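The values are calculated or read from the model by the stated rules, or taken from the named source; none is laboratory data. These figures come from a predicted structure and were not determined experimentally. As a convention, Cβ positions derive from the backbone with ideal geometry for all residues, glycine included, and neighbour counts pool all protein chains shown.
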Amino acid sequence: MTFLTFNVNKIITSITIKVLCTNIYLILSRWTLQYKYTYEACYYKTSFPIVLTYVIIVHKTQGPTITSKVPCPC
């Protein structure tokens, strides 16, 4: 289940996500970062800080053989 929160200008300000099979809710807030072109000019970038991740649990790793190395994205 996902909920979106809007401001007066109909821009999404936060995203609320319910984790499956639990009563846990995650709230993602909008971040705004300022970047400078020169000493006089700058621009702003607004986004939601979302990172795609993968997890291997112990029960799934007992059977298969991993043949290649997976690079770390960090």
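Of all residues in the stretch 27-45, those that are surrounded by 10 or more Cβ atoms within 10 Å (Cβ to Cβ) and of a type outside the set (D, E, K, R) total 5.
Remark: pairs (first residue in the stretch 1-26, closer than 17 Å to Pro49 by Cβ; second residue assigned to a loop (DSSP other than H, G, I, E, B) and of a type in the set (Lys, Arg); Cβ separation under 6 Å; 6+ apart in sequence or on different chains) = Thr13/Arg30.
Thr61 meets the conditions (1) closer than 27 Å to Phe3 by Cα; (2) at pLDDT below 70 in every case but one. The failed one is (1).
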